[in-house]
Structures are given as structure tokens and as C-alpha cells.
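Nothing in this text is a laboratory measurement; each read-out follows from the coordinates by a stated rule. What you are looking at is a predicted structure, and each value in this text was computed from that prediction instead of being measured. When we count neighbours, we look across all protein chains shown, and the Cβ atoms used for this are built from the backbone with ideal geometry, even at glycine.
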Ligand code: PML
Ligand code: MG
């Protein structure tokens with residue numbers, strides 16, 4: 001894969017019209033593909049959109065484009081799973097992990113006030129840990145992290161070695177968190193799914209790795225959350241450009 005031309009393939013699906021016309025977000029997906037695998041890659045994303053617990057989409061967009069920038073290879077974050085018995089316990093742990101990662105306590109409380117904005121947004125929101133303000137201007141669209149992947153065989157070896165399930169969801173979330181945390185301005189990420197049947201979420205940071213928390217919301221809840229806590233951002237545009245455009249390939253045990 002290293003010397004081949006790669007394509008970024010992206011999918012978004014919505015119900016009751018397209019996202020920009022106020023439709024409900026159903027599913028999104030990203031991957032990197034060789035030209036030869038494009039047909040299969042498009043199918044993988046279509047499958048993801050068509051069989052979704054958030055509902056049956058009536059709008060689907062899949063697009064691909066060649067990547068001209070050099071690809072950066074990155075090791076996945078270390079993973080730990082924290083078992084909790086309730087949402088309260090899970091959310092209290094998430095706050096402690098954010099603090100340990102370097103987000104001031106006062107700013108964590110302020111960020112939690114944005115959670116409702118978060119669940120209206122299909123992408124991530126960017127939060128400045130100094131001003132305590134949301135700093136992206138993408139409203140309900142949020143920031144969509146893109147151009148990243150992890151080869152299935154390498155991921156599966158990693159999963160065996162780390163006693164993890166070979167779950168696509170875990171793979172995609174860990175790829176995203178690794179890319180986000182690889183940027184020097186990211187202090188931490190807080191995330192849980194908008195899928196009603198999935199209640200495990202995580203706090204990720206360079207300092208603590210990918211800390212899974214088994215209960216961050218109640219089953220049936222379709223409100224998700226993805227916040228990036230950023231520090232000392234000199235240039236918001238170049239940070240957003242990194243998230244959206246820098247191609248990253250995860251590779252475990254590269255050496
Ligand atoms: C999502 O489904 O959109 C996010 C899932 C986050 C948690 C994945 C995991 O179990 O580690
Ligand atoms: Mg989802």
C-alpha cells in the first residue's frame with residue numbers, strides 16, 4: 001500500500017432529506033482505498049449506511065478523490081477498558097480522565113454545558129481549554145475528521161494481541177482518536193456514540209491513550225458527543241485542515 005496511489009472514500013447518509021436540508025443524520029464513514037479496491041470500498045460504506053440502528057436512510061452520498069499529500073504512518077494509541085456500573089459513574093470517570101489529560105476542572109464543567117450542541121452536530125466540536133468556548137464555526141455540521149484508515153489484517157493482529165474484539169466500530173474510533181491526538185494542539189477527546197444501541201464511549205489523549213468507558217449514556221439514547229479539547233491554538237484553519245485533509249494510516253508494530 002505504501003507506494004500505491006490512494007483514494008479517500010467518504011460516505012454520509014441521512015433520513016427525511018439530506019443533512020443540509022435538515023434531515024436526520026444516520027451514518028458517516030471514511031476509508032482509504034487503492035484504485036483497484038474502490039468498488040469494494042464503496043460497497044463497505046454502503047453496507048454501513050443501509051444497515052443502521054439510527055434508521056433507514058433516504059439520502060446517501062459516497063464520494064472518492066485521489067490523495068496527493070504524503071501519508072503519515074502512526075502507531076495506535078494504547079487502549080484500556082474501564083468497566084463502570086452506571087452512566088453517573090462513567091461520566092464521573094470521563095471528567096477525571098479529562099482532568100488528568102490536562103483540561104482544567106472548571107473548563108470541563110463548562111464544556112459539559114455544550115453537550116446539547118454536541119448531540120445536534122454530526123461532526124466534532126472544537127473546544128478551547130483556555131477561553132472555555134467552542135471555537136469552530138460549523139454549527140450542526142461540526143468538524144468531520146477524514147482521510148484515515150487501518151488495514152484489516154494489521155488491526156486484527158492488534159486486536160488479538162490486545163484481547164479486543166475485531167469490531168469495526170472500535171477500529172474506526174481508535175483510528176480517529178489516534179489521528180486527533182497525534183496533533184500537538186489536541187489535549188484530549190471525549191466521545192460517545194449517537195447509535196441508540198451502543199453505550200461505550202471514551203476519553204483519549206496522548207497522555208492516557210484511548211480510555212474506553214463501558215457506560216456513558218443509557219441504551220436507546222440517540223444523542224452522541226464528540227468534543228476535541230484544544231490548547232494554545234495559533235492557527236484554527238491549519239488545525240481544521242489537519243483534521244480534514246492530512247492522510248493518516250495506522251500501523252501497529254511498525255518497527
Ligand atoms: C461511534 O460509534 O460513533 C463511537 C464509538 C466509540 C466507542 C468505541 C469503542 O467501543 O471503543
Ligand atoms: Mg453513529
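Tabulated values for the structure
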| read-out | value |
| --- | --- |
| Selection from segment 204-230 of residues that are in a strand (DSSP E or B) and away from ligand 1 (no atom under 11 Å from the Cβ) | 205, 209, 227, 228, 229, 230 |
| Scan of segment 172-196 for residues that are within 10 Å of ligand 1 (Cβ to nearest atom) and out of contact with any strand residue (DSSP E or B) (no Cβ under 6 Å at 6 or more places or on another chain), ordered by number | 172, 173, 176, 193, 194, 195 |
| Filtered residues of segment 50-98 (kept if over 21 Å from the mean Cα position of the chain (by Cα), part of a strand (DSSP E or B) and within 25 Å of residue 183 (Cβ to Cβ)) | 66 |
| Selection from segment 209-226 of residues that are out of contact with any strand residue (DSSP E or B) (no Cβ under 8 Å at 6 or more places or on another chain), in contact (Cβ under 8 Å) with a residue 24 or more places away in the chain and surrounded by fewer than 20 Cβ atoms within 10 Å (Cβ to Cβ) | 218, 220, 221, 222, 223 |
| Residues satisfying the stated conditions in segment 141-167, i.e. free of Cβ contacts under 8 Å to residues at least 60 places away in the same chain and within 19 Å of residue 10 (Cβ to Cβ) | 152 |
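Yes/no per residue for (1) without any contact (Cβ under 8 Å) to a residue 40 or more places away in the chain; (2) within 18 Å of residue 199 (Cα to Cα); (3) surrounded by fewer than 18 Cβ atoms within 10 Å (Cβ to Cβ):
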residue	(1), (2), (3)
5	no, no, yes
27	yes, yes, no
39	yes, no, yes
44	yes, no, yes
54	no, yes, no
62	no, no, yes
68	yes, no, yes
89	no, yes, yes
98	no, no, no
